[in-house]
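Chemist: After the structure tokens below, expect a handful of questions from me.
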Amino acid sequence: MSELSIITGKSSYDIARRVSKKMKANLVRSQIRVFADGESKITLSGKISERKSIVVQSIYPPVDTNLIHALSLISKAKETSSEVIAVIPYMGYARQDREFLSGEIVTMKVLGKLFRGAGASKIIVVDIHSKIGLGHFPIKTKNISAIPELVHHIRDLNLKDPLVISPDQGGKERAKEFAKELGSEYIALEKKRDRKTGKVQIKTKNLGEVANRDLILVDDMISTGGSIVKATQFLKKQKCRKVYVACTHALLMNDAEKRIRKAGVAKIISTNTIPGKTSIVDISKIIAKVI
Ligand code: R5P
């Protein structure tokens, strides 16, 4: 029997297939049947290694369904494999890593317990929103950066005097890493989000250094698109040239993509942690390397 099984959930089939090919590992597929009440019945096809299994499953919408699938796959793998590693390319709930308002549940703490309870001894994620979230996991953790892969694609655009911009201070380190890889400068805007309504405002005032330059807005994720829309509208007023967006996880909920384009973004580039129109950067190579 193969030394290593790659078990794929429905949300990350493409990544899992590519990883298993690169690693010449056995791919175990899952079939999902949804009952009338919404419950999932998951059936695996293929042999699970007694030594080590890697479960690959992103937790994007439907978030809770994909989460229970991930936990179920880990639990099943653990019945056979002595070691089970969870690869969660997009980690849903990662933004719920602290109690912002009194009484809020830090869901990342709950997930840590669930992943350990299901049988995972390690979790590997890609560009997690913040490392604080992983700090709640009582198992080994590894965060992989997709920035070199994103930069590779941005380079092909031949930008004029590029400047990397984070839409908020929380993303400053990310922008710094991106700029270093690209060989450019970076800045971080001041963003304020209303914790009750979710509405976003850009607090930065004038920004002379963006005029006549091509800009790359860098973020870990786009959900409603609010952060990118507000940042782009502000930057356009500062007379910049083109605005590009590079992000790892493009959820692009509802009409986010349309609103981002309307705000003046020339191109959105994201990775295949979440499959979609903009997900042109493949991260299977970096996952295979880390495994
Ligand atoms: C927030 O700090 C994150 O890094 C993203 O900027 C944010 O989650 C994006 O969400 P939305 O697209 O809804 O503004």
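Chemist: Suppose we keep just the DSSP beta bridges with both residues in the chain; what percent of those would be antiparallel, to 5?
Modeler: 20
Chemist: Would you work out if the stretch 12-64 is rounded, prolate or oblate? Take a ≥ b ≥ c from the square roots of the eigenvalues of the alpha-carbon gyration tensor; rounded if a/c is under 1.5, else prolate when a/b is larger than b/c, oblate otherwise.
Modeler: Because a/c hits 1.5 or more and a/b exceeds b/c, the stretch 12-64 counts as prolate.
Chemist: Using alpha carbons only, how many angstrom separate the centre of the stretch 127-148 from the centre of the stretch 94-122?
Modeler: About 13 Å separates the Cα centre of the stretch 127-148 from the one of the stretch 94-122.
Chemist: Which order do M108, M91, M23 fall in if you start with the one that has the fewest other Cβ atoms within 10 Å?
Modeler: M23, M108, M91
Chemist: What list of ³J(HN,Hα) couplings, whole Hz, do you get for the stretch 117-133 from phi and the Karplus terms 6.51, -1.76, 1.60, once you set θ to phi - 60° and write x for glycine and proline?
Modeler: Karplus values, whole Hz, x for Gly and Pro: x, 6, x, 7, 9, 7, 10, 10, 10, 10, 5, 5, 3, 8, 5, 4, x.
Chemist: From the backbone phi of the stretch 57-62, what are the Karplus-calculated ³J(HN,Hα) couplings (6.51 cos²θ - 1.76 cosθ + 1.60, θ = phi - 60°) in whole Hz, Gly and Pro given as x?
Modeler: Per-residue couplings from phi come out as 7, 6, 10, 9, x, x Hz.
Chemist: For the stretch 196-264, I need the span (max minus min coordinate) of the C-alpha atoms along each principal axis, in Å, sorted largest to smallest.
Modeler: Ordered largest first, the stretch 196-264 gives principal extents of 32, 25, 21 Å.
Chemist: Right, next: Quick check: from the Cα gyration tensor, does the stretch 41-155 come out rounded (a/c under 1.5), prolate or oblate?
Modeler: oblate
Chemist: What percent antiparallel are the DSSP beta bridges of the stretch 147-272, to the nearest 5?
Modeler: Just about 15 percent of them are antiparallel.
Chemist: With a ≥ b ≥ c taken as the square roots of the eigenvalues of the C-alpha gyration tensor of the stretch 147-272, please select rounded if a/c is under 1.5 and otherwise prolate if a/b is larger than b/c or oblate if it is not?
Modeler: rounded
Chemist: What ranking do Y186, Y93 get, fewest neighbouring Cβ atoms within 10 angstrom at the top?
Modeler: Starting with the residue having the fewest Cβ neighbours, the order is Y93, Y186.
Chemist: When we measure straight from the Cα of K78, which lysines land under 17 angstrom away, once same-chain ones fewer than 8 places off are left out?
Modeler: K47, K52, K113, K122, K140
Chemist: For the stretch 188-257, what proportion of DSSP beta bridges, expressed in % and rounded to the nearest 5, is antiparallel?
Modeler: If we restrict to bridges inside the stretch 188-257, about 30 percent are antiparallel.
Chemist: Working from the pairwise distances between different alpha carbons, so that the mean of 1/r is found and then inverted, what is the chain's Kirkwood radius in Å?
Modeler: Computed over the chain, the radius equals 19.9 Å.
Chemist: Along the stretch 178-191, what does the Karplus equation 6.51 cos²θ - 1.76 cosθ + 1.60 (θ = phi - 60°) give for ³J(HN,Hα), rounded to whole Hz, x for Gly and Pro?
Modeler: 5, 5, 5, 5, 7, x, 9, 8, 8, 9, 10, 7, 9, 10
Chemist: If you average 1/r across every pair of different Cα atoms in the stretch 8-98 and take the reciprocal, what Kirkwood value do you get, in Å?
Modeler: 13.6
Chemist: Continuing with this model, one more query. For helix 13-23, what angle does its Cα long axis make with the longest principal axis of the chain, in degrees from 0 to 90 and rounded to 10?
Modeler: Here the helix axis deviates by roughly 70 degrees.
Chemist: Let me ask something else about it. Find how much the distance from S145 to A211 grows on full extension, using 0.36 nm per residue of separation minus their present alpha carbon separation; answer in nm with one decimal.
Modeler: Roughly 20.8 nm would be gained on extension.
Chemist: Under a 5 Å amide H to amide H cut-off, with H placed in plane at 1.01 Å, what residues pair with I7 once short-range neighbours are removed?
Modeler: V28, I54, V55, V56
Chemist: Follow-up. Fewest to most neighbouring Cβ within 10 Å: what's the order for K239, K176?
Modeler: Ordered by Cβ neighbours within 10 Å, fewest first: K239, K176.
Chemist: Still on this structure, please answer the following. Can you list the residues, at least 5 places off or on another chain, whose amide H is less than 5 Å from the amide H of L251, using H built in the peptide plane?
Modeler: Amide H neighbours of L251, under 5 Å, 5+ apart: I222.
Chemist: Turning to a different aspect of this structure: Test of understanding: express the Cα radius of gyration of the stretch 96-157 as a ratio to 2.2 N^0.38 Å, with N the residue count.
Modeler: 1.42
Chemist: Normalised by the number of residues in the stretch 147-272, what is the relative contact order in percent for Cα pairs under 8 Å and 6+ residues apart?
Modeler: 24
Computed from the coordinates by the stated procedures, all read-outs in this text should not be read as laboratory data. Small disclaimer: the values here were computed from a predicted structure and weren't measured. For neighbour counting, all protein chains shown are included, and Cβ atoms are generated from backbone atoms with ideal geometry for every residue, glycine included.
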